[in-house]
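Structure first, then comments.
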Amino acid sequence: MKCPFCRSSQTEVYNTRATKFATQIWRRRRCLSCHEGFTTYEAADLGFLQVRAQNASQGPYSRARLYSGIAAAFEPAKADSTIIDAVTDTVESKLLDLKNPIIVSDQIAAIILATLKHFDTSAFLRYLASHADLRSKSELKRQLKNY
Ligand SMILES: [Zn+2]
């Protein structure tokens, strides 16, 4: 791993730990040339996962897209990247638990909602309001009962 500051390849790892939900490995490295420190993350490559949308189009899974969808549910003042990362990690591990290389976008939305409910009620409601098909009050009640 090259140093991002001086591009030297002489770096060493001096601290390693799993992230909160153990989906990533965090490593603290030090450059032996310029002595700057930097962090790396090691995560499983989920590039084999495909997401199928309602219109049957299919594309590769993207953690960045999942993260920004979750981030959008939080009020800007409460959008703490540690919490959004934790929600993203939880959703990602639940997606892997499905043990299916093709995931339907509705399944992802349902998992995000079930996860958000435990983290932040207002983010849960915002996500539900922007993603569920809520044409009537009774439909909203039905959706709320699901979670
Ligand atoms: Zn360096």
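A quick yes/no check of all residues on (1) in the same structural domain as His131 (by TED's automatic domain parsing); (2) at pLDDT 90 or above; (3) of a type in the set (Gly, Ala, Ser):
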residue	(1), (2), (3)
Thr11	no, yes, no
Thr39	no, yes, no
Asn55	yes, no, no
Ser62	yes, yes, yes
Ala72	yes, yes, yes
Ala77	yes, no, yes
Thr82	yes, no, no
Thr90	yes, yes, no
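May I ask you to list pairs of residues, at least six apart or on different chains, whose Cβ atoms are under 6 Å apart, with the first in the stretch 98-127 being in the same structural domain as Ser81 (by TED's automatic domain parsing) and the second being modelled with pLDDT under 90 and among the hydroxyl-bearing types (Ser, Thr, Tyr)?
Pairs that qualify, where the first residue is in the same structural domain as Ser81 (by TED's automatic domain parsing) and the partner is modelled with pLDDT under 90 and among the hydroxyl-bearing types (Ser, Thr, Tyr), are Leu113/Tyr147; Ala114/Tyr147; Lys117/Tyr147.
For the stretch 1-37, name all the residues that are assigned to a loop (DSSP other than H, G, I, E, B) and away from the ligand (no atom under 16 Å from the Cβ). It would help to see each step written out before you state the result.
Restricting attention to the stretch 1-37, the residues satisfying the condition of being assigned to a loop (DSSP other than H, G, I, E, B) are 1-10, 19-23, 32-36.
Scanning the stretch 1-37 gives Thr19, Lys20, Phe21, Ala22, Thr23.
Taking only pairs six or more apart or across chains, which ones have beta-carbon atoms under 7 Å, a first residue in the stretch 1-28 that is open to solvent by less than 80 Å² (accessible area, probe 1.4 Å), and a second residue that is near the ligand (Cβ under 8 Å from one of its atoms) and assigned to a strand (DSSP E or B)?
The qualifying pairs are Cys3/Thr11; Cys3/Cys31; Cys6/Cys31; Ser8/Cys31; Thr11/Cys31.
The values are calculated or read from the model by the stated rules, or taken from the named source; none is laboratory data. These numbers were taken from a predicted model, which means no experiment stands behind them. FYI the Cβ positions are ideal-geometry reconstructions off the backbone, even for glycines, and counts take in every protein chain you see. For the accessible areas, the whole protein counts, side chains as well, though only heavy atoms, and no ligand, DNA or RNA atoms are used. Shrake-Rupley method; radii C 1.70, N 1.55, O 1.52, S 1.80 Å.
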